[in-house]
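S.K.: Submitted below is the structure of interest, expressed as structure tokens.
The values are calculated or read from the model by the stated rules, or taken from the named source; none is laboratory data. Just so we're clear, the structure is a prediction, and the values are computed from it rather than from any experiment. Cβ sites come from the backbone with ideal geometry, for glycine too, and all protein chains shown count toward neighbours.
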Amino acid sequence: MSDAHAHSVAFVRDSEIPPAPPPAAETGVVKWMRENLFSGVVNTIMTVIGVFIIFYLLSGLIPWIVNGTWEGASIRDCREVLQGNGGGCFAVLRERWAQLLFGFQYPSELYWRPTLAFALLFLAVPPVLFFKLPRWMLVFTALYPFVAFWLIWGGTAITPIFLLLAFVAAFFAFKEGEKRFGFVAGLAIGLVAFAIVAFIGDFVASEEPGWLRITSVPSREMGGFMLNMILGLVCVSLSIPIGIVLALGRQSRLPIVKGFCVVFIEFVRGVPLITLLFVANVVLAYFLPPGTNFDLIVRVIIMITMFSSAYIAEVIRGGLAALPKGQYEAADSLGLDYPQAMRLIILPQALKISIPGIVNVAVGLFKDTTLVSVISMFDLVGMIRGPILSSTAWVGVYWELWAAACVLFFVVCYGISQYSQWLERQLRTDHR
Amino acid sequence: MKNSVLLGTLAFAGLAAAGASAATLDDVKARGSLNCGVTTGVPGFAEPDANGVWQGFDVAVCRAVAAAVLGDPEAVTFVPTTGKTRFTALASGEIDMLARNTTWTFSRDTDLKFDFVGVNYYDGQGFMVPADLGVSSATELDGATVCIQTGTTTELNLADFFRVNGMSYEPVPIETGAEAVQQYLAGACDVYTTDRSALAAQRAGFEAPDDSVILPEVVSKEPLGPLVRHGDSEWADIVRWTLNAMISAEELGVTKDNVEEMAASPGDNPEINRLLGTEGELGAMIGLDATWAKNAIAAVGNYGEVFDTNIGESTAIGLARGLNAQYTDGGLIYSPPFR
Amino acid sequence: MTTMTDPPQADGFRIGQLINDTRYRSYTFQFIALLALIFSFGWLINNAINNPVLQEVGINFGFLQDQAGYDIGQRPIEYNSQSSHLRASIVGAINTLIVAFLACATATVFGVIAGVLRLSNNWIIRKLMSIYVEIFRNIPVLIWIIIIFTVAANVLPQPREYRGEDAAYSPLFGVVAATNRGVYIPRPYFTEGIGAQEPAAVEVDGVSTLVAQEVTSSANWLIVFGVLLASFAIAKGISVWASRQQLTTGIRPKTWYFTAAAWIVPIAVTLWILGLRWEIPTLQGFNFRGGIVLQNPLLALWFALSIYTGAFIAENVRAGILAVSKGQTEAAAALGLRPRRIMSLVVLPQALRVIIPPLISQYLNITKNTSLAIAVGYMDLTGTLGGITLNQTGRALECILLLMAFYLTFSLAISAIMNVYNNSVKLKER
């Protein structure tokens, strides 16, 4: 058959066709769009809805930003410049930017000090966050609280120096004491050493108040975003050690210790932060000896620290529970006593698992520092709700101010949460 | 923060601290500054300016007391308080005196154990409505939605007023004046009510002040004045008579500008001389310098000057003296004699 | 982990053993801890007792019986300014519960939708949902509450814009009016049933007609609830019967019309007997009158809490679904299950186990965050007891103690209930 037809075939291809590009619908952008945007009826409808939402949002947002004015000393100036073209009155940010950041009372000629403290933060924090950095950089972290305290509050440098010395002395006294008498005695000796050096420091500071003195700023004058940062940083760093102690206490076999920790944690987690702030603001004074006059900021720090340490304790408890029982048993069988077992075997592993959770608590806490605006402290939100919105020059400017607040918080919190996700990936590869 | 307080706390030294606080005057002198509670911001009465310096009518009272006691009107630590925190701040000793739109009422004076030392502003609660609502009297407000700035006796007066007149209303209580105004301007309430002085102050800041009218009804008596803790009469006397000195100074024609001159060359008006310490021993009687009243007046001016510069008709707030004129001009401002 | 394995000492008890012997050391620690606790609490209480102000004023809850004197906007129960502070507090507590319940429900809806859509294969939707989640998670809820309150006041129409013949707005379906003061919806009420009075004679155009009056007894609502419960039982019974049929015959009988009838017929009959009427909100004077009003502070707080917490729940839901391994889906598909049944029978039950514990803590967070109502003037417990009552009476210590006690009880109750539920869905391990 084939022979018969061989002559009737007009054309026989004897070479290969050059490869054609795939059809337009199966390549590049089109393929991607078909797969990701229009793969079905439902999907297409959703795409249309999505595009519509984006268009709606941008059509409001873009003119507001593009047409906005940055010039002017009051909302009336803004209205003149804008002539109702839908632009934002960003002049308020320009005019009140320093107040948003530092509050209205911090002396303006000293703004460089908190700014510097903030810049130094980028030197102090990375050694804690990134394990790959050389360990000696932790020295910055250790020094930072004292430097930042001195920069922000001012006063004589003797106070932070002696506080630092007190910590160093306490550390070495503890080391020495632990070697000779055991953990608890070491702790006690460390405390005594701390108290002695701190007492000397107090004495020296009152004798030599002028030494290395920079203008001191009372904490009443802290405000704006700086106050949020201070509260967030101080409370998180204070609450981690307290949280560890509470978590260990909750796991302890000693019924009184355990009972206290459980009651404390459940109590603090059961009430809103705002009621604790009311306590700091309104009630705490009754429980202190008459005449002791804590600053409001110190009382608030105490309360927020209590609050966050309970949450951090729960995170760490999760970390402790996640460790295989074998780790505890192994530590026991090595003959380690409780402090040794915790310090050498359990906590390093448990804390590592807990870090992402702790970071989440830290972000939540940082956001919650805005609640201090309810008790008449002028943090970022308090500045906007109080002095700026009620000033005659800027009455009626809401969106620009709230947008600025959103951006400030978003940048910080998003940064931290991205770090947390990165860290989770890092830790995951460690385990698999 | 005082460093020693920090160290003391850290070292649990606070455990040993005990003993009731001494007399307020001694505390203030030892501290070198007066802790004065003010509002968190009411234009004209107490408000930090763009440089963060507190200005206003109530603030002037604080400064006058500081000048009288310490000789320095700047030696004041202003403690912003809300309606919720003001009484505990005073009761717990966090502040030495409260100069914040606080109404002198029976229960506050007695049950809460405070002493009101006088009245520096006679106010009354009023209503503000948009002009195009066509309302001319508060009795036409049946069924209206009312924005209230909380934290004073405002809610109670409002409830009483509507109940007595057999009307209903929907209250929207808002904490800060700025946010209440925002709701009012957005039309989320028909009426905004608070003290008439604050209404006038906030209306002055509107884009179109004439679009809002303040209704004629005054539904409450709101004598606002500084107050101190119960039980320290010496301190109460100092605050009371500093306020009276400002009032007397206006009556006697002593002003910020001529007070130095009058003190330097005593005239023949014995009351002015006693007030300014050039005659008699009035200062010593309340444990202060002879020049205490002179210092106070030199620092902030007399009552009329303070009124005019902060809330008077020449300012944006533009309040008339009204009830707050001297008794000689038909007002209620009246100081007992200095003798 | 203190080891308890030291060999017992042969000789008797010595003082040194209190520190050196692990058997006694724990008692020593606890004793010291107890002393420290007693000492610090004693110190605090001693200070309070010796406080000059408290000594004069005293601690006294009698003020709760005093007349409150202020009015509350959103009143779920009978309340006026003549009522006591205690009643004001109860109104506040109910308001807290209302907004917490509503926000928990809608936050779950938002969270589940956003969480599922974040896994959608539509790129735009996926990215939009990521933006939603990140924006709301990273900005404080207080800011969101205030922003949404401000938006609602400025964007929604004023009641007066509904006025007139050619009004700019008209109520949705003629019955629901959304204004910048609140949303007005019709209110159901009964004219017959328990507690009904004789119909009153009303003269309309000279003709006397009998008009039934509103029945205020809430027993009628209990009847409705009971009927619904019965319907639920019947529907459940039908489904059990259908399953049994399926097991014996292999064919599942069509039951949807039985089920529908079981739900619809009894309640329709009940409502007809009870004489259901709707009170439609109408514009009178300054505001809409009649119907149920959900005031703006409530709506703003509700919406803000839902959308904020929804972002967190979305992450939990996403993590939960991702935690179910792909093998489960594939195995279910291999068994011949349809995608919808795979989701409902295989993926969701397993995902729920991961989702529920964090969901509980989100519910607790909502409950606690309702206290931010104070920023928008919604009269929850923090606004009444911890707000105006505290301001007016100056009884700070008492008010805050009560406030904390309420939140604590409520939180502990929720976590107890939720833990019971959590245990019931937990993987049964042998």
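S.K.: Could you go through the range C:397-415 and let me know if any residue there is within 14 Å of chain A (Cβ to nearest Cβ), surrounded by 16 or more Cβ atoms within 10 Å (Cβ to Cβ) and of a type in the set (Gly, Ala, Ser).
M.R.: Yes, the range C:397-415 has at least one match.
S.K.: In the list A:Gly50, A:Gly68, A:Gly28, which residue meets the criterion of being touching a residue at least 60 places away in the same chain (Cβ under 8 Å) and of a type outside the set (D, E, K, R)?
M.R.: A:Gly68
S.K.: Continuing with this model, one more query. List pairs: first in the range C:159-183 and under 25 Å from B:Cys147 (Cα atoms), second surrounded by fewer than 15 Cβ atoms within 10 Å (Cβ to Cβ), Cβ under 6 Å, 6+ apart or cross-chain?
M.R.: C:Glu161/C:Ala168
S.K.: Determine, yes or no, whether B:Leu185 is modelled with pLDDT of 85 or more and closer than 26 Å to C:Asn391 by Cα.
M.R.: no
S.K.: Could you list, ordered by first residue, the pairs with Cβ atoms under 7 Å in which the first is in the range A:387-412 and more than 10 Å from chain B (Cβ to nearest Cβ) and part of a helix (DSSP H, G or I) and the second is of a type in the set (Gly, Ala, Ser) and buried (at least 17 other Cβ atoms within 10 Å of the Cβ), at least 6 apart or interchain?
M.R.: A:Trp399/A:Gly88; A:Glu400/A:Gly88
S.K.: What do you reckon, is C:Gln350 closer than 30 Å to B:Cys189 by Cβ and either assigned by TED's automatic domain parsing to the domain that holds C:Val420 or not in a helix (DSSP H, G or I) (or both)?
M.R.: It is false that C:Gln350 is closer than 30 Å to B:Cys189 by Cβ and either assigned by TED's automatic domain parsing to the domain that holds C:Val420 or not in a helix (DSSP H, G or I) (or both).
S.K.: Where in the range B:240-339 are there helices (runs of 4 or more DSSP H), lying fully within it, with 1 or more residues that are out of contact with any Cys (no Cβ under 9 Å at 6 or more places or on another chain) and either at pLDDT 90 or above or outside the structural domain of B:Asp96 (by TED's automatic domain parsing) (or both)?
M.R.: B:292-300, B:303-310
S.K.: Now for a different question. Give me a count of the residues in the range C:98-131 that are facing chain A (nearest Cβ under 10 Å) and of a type outside the set (A, V, I, L, M).
M.R.: Here is the first cut: in the range C:98-131, the ones facing chain A (nearest Cβ under 10 Å) are C:117, C:120-129, C:131.
Right, trim to of a type outside the set (A, V, I, L, M) and you get C:120-123, C:126-127.
The total comes to 6.
S.K.: Also, I was wondering about something else. Scan the range A:262-274 and tell me whether some residue there is closer than 30 Å to A:Val217 by Cα, buried (at least 21 other Cβ atoms within 10 Å of the Cβ) and within 12 Å of chain B (Cβ to nearest Cβ).
M.R.: Kept after step one, since they are closer than 30 Å to A:Val217 by Cα, are these residues of the range A:262-274: A:273-274.
This time we only want the ones that are buried (at least 21 other Cβ atoms within 10 Å of the Cβ), so: A:273-274.
Going one step further and asking which of them are within 12 Å of chain B (Cβ to nearest Cβ), we end up with A:274.
Yes.
S.K.: Sticking with this one: For A:Val197, state whether it is of a type in the set (Val, Ile, Thr) and surrounded by fewer than 18 Cβ atoms within 10 Å (Cβ to Cβ).
M.R.: No.
S.K.: Could you pull out the residue among B:Glu179, B:Glu217 that is crowded, with 24+ Cβ neighbours inside 10 Å and either at pLDDT below 90 or more than 24 Å from B:Thr39 (Cα to Cα) (or both)?
M.R.: B:Glu179
S.K.: Could you list, in sequence order, the residues of the range C:135-155 that are touching a Ser or Thr at 6+ places or on another chain (Cβ under 8 Å) and free of Cβ contacts under 8 Å to residues at least 40 places away in the same chain?
M.R.: C:Asn138, C:Pro140, C:Ile143
S.K.: Then there's this: Test of understanding: among B:Thr88, B:Thr153, which residue is touching a helix residue (DSSP H, G or I) at 6+ places or on another chain (Cβ under 9 Å) and not assigned by TED's automatic domain parsing to the domain that holds B:Gly44?
M.R.: Numbers: B:Thr88 fails: not assigned by TED's automatic domain parsing to the domain that holds B:Gly44.
Answer to the selection: B:Thr153.
S.K.: With the range A:1-119 as the region, which helices (runs of 4 or more DSSP H) entirely inside it contain at least 3 residues that are away from chain C (no Cβ under 14 Å), at pLDDT below 85 and surrounded by fewer than 14 Cβ atoms within 10 Å (Cβ to Cβ)?
M.R.: Output list reads A:2-6.
S.K.: Follow-up question, since we're still on this one. Restricting to the range C:60-79, what's the tally of residues that are in contact (Cβ under 8 Å) with a residue 40 or more places away in the chain, part of a helix (DSSP H, G or I) and among the polar types (S, T, N, Q)?
M.R.: Counting residues in the range C:60-79 that are in contact (Cβ under 8 Å) with a residue 40 or more places away in the chain, part of a helix (DSSP H, G or I) and among the polar types (S, T, N, Q) gives 0.
S.K.: Test of understanding: among C:Leu337, C:Leu390, C:Leu412, which residue is part of a loop (DSSP other than H, G, I, E, B), free of Cβ contacts under 8 Å to residues at least 40 places away in the same chain and at negative phi?
M.R.: C:Leu337
S.K.: Turning to a different aspect of this structure: Tell me whether the range C:361-372 contains one or more residues that are surrounded by fewer than 21 Cβ atoms within 10 Å (Cβ to Cβ), assigned to a helix (DSSP H, G or I) and of a type in the set (Phe, Trp, Tyr).
M.R.: no
S.K.: Same structure again: Among the residues of the range A:313-354 satisfying the criterion of being part of a loop (DSSP other than H, G, I, E, B) and either under 12 Å from A:Ala247 (Cα atoms) or within 10 Å of chain C (Cβ to nearest Cβ) (or both), which is farthest from the chain's Cα centre (by Cα)?
M.R.: Selected residue: A:Gly335.
S.K.: Tell me, yes or no, whether the range B:76-92 has at least one residue that is within 13 Å of chain A (Cβ to nearest Cβ), touching a residue at least 24 places away in the same chain (Cβ under 8 Å) and over 26 Å from A:Leu389 (Cα atoms). Spell out how you get there, then give the answer.
M.R.: Taking the range B:76-92 as the starting set, the residues that turn out to be within 13 Å of chain A (Cβ to nearest Cβ) are B:76-92.
If we keep only those that are touching a residue at least 24 places away in the same chain (Cβ under 8 Å) too, we end up with B:76-84, B:86-87, B:89-91.
From what's left, over 26 Å from A:Leu389 (Cα atoms): B:90-91.
For the range B:76-92, residues within 13 Å of chain A (Cβ to nearest Cβ), touching a residue at least 24 places away in the same chain (Cβ under 8 Å) and over 26 Å from A:Leu389 (Cα atoms): present.
S.K.: Also, I was wondering about something else. Would you pick out the residues in the range B:193-239 that are of a type in the set (Gly, Ala, Ser), within 14 Å of another protein chain (Cβ to nearest Cβ) and closer than 23 Å to B:Thr24 by Cβ?
M.R.: Of everything in the range B:193-239, just one residue is of a type in the set (Gly, Ala, Ser), within 14 Å of another protein chain (Cβ to nearest Cβ) and closer than 23 Å to B:Thr24 by Cβ, namely B:Gly231.
S.K.: Mind listing whichever residues of the range C:26-59 are outside any helix (DSSP H, G or I) and either closer than 15 Å to C:Gln392 by Cα or among the β-branched types (Val, Ile, Thr) (or both)?
M.R.: C:Ile59
S.K.: Right, something else. Suppose the filter is over 22 Å from the mean Cα position of the chain (by Cα), within 26 Å of A:Val282 (Cβ to Cβ) and among the small types (Gly, Ala, Ser); does C:Ala396 pass it?
M.R.: Values: over 22 Å from the mean Cα position of the chain (by Cα): yes; within 26 Å of A:Val282 (Cβ to Cβ): yes; among the small types (Gly, Ala, Ser): yes.
In short, yes.
S.K.: Now a separate question. Filter the range B:93-115 down to residues that are within 14 Å of chain A (Cβ to nearest Cβ) and part of a strand (DSSP E or B), then give me how many there are.
M.R.: Qualifying residue count for the region: 1.
S.K.: Pairs needed: first member in the range B:17-30, surrounded by 12 or more Cβ atoms within 10 Å (Cβ to Cβ); second member anywhere, at pLDDT below 80 and outside any loop (DSSP other than H, G, I, E, B); C-beta distance under 9 Å; at least 6 residues apart or different chains.
M.R.: Partner pairs satisfying both residue conditions: B:Ala17/B:Gly8; B:Ala18/C:Asn50; B:Ser21/C:Pro52.
S.K.: Residues of the range A:149-181 being of a type outside the set (A, V, I, L, M, F, W, C) and part of a helix (DSSP H, G or I), which ones?
M.R.: First, pick out the residues of the range A:149-181 that are of a type outside the set (A, V, I, L, M, F, W, C): A:154-156, A:159-160, A:175-180.
Answer for the range A:149-181, where residues must be of a type outside the set (A, V, I, L, M, F, W, C) and part of a helix (DSSP H, G or I): A:Thr159, A:Pro160, A:Lys175, A:Glu176, A:Gly177, A:Glu178, A:Lys179, A:Arg180.
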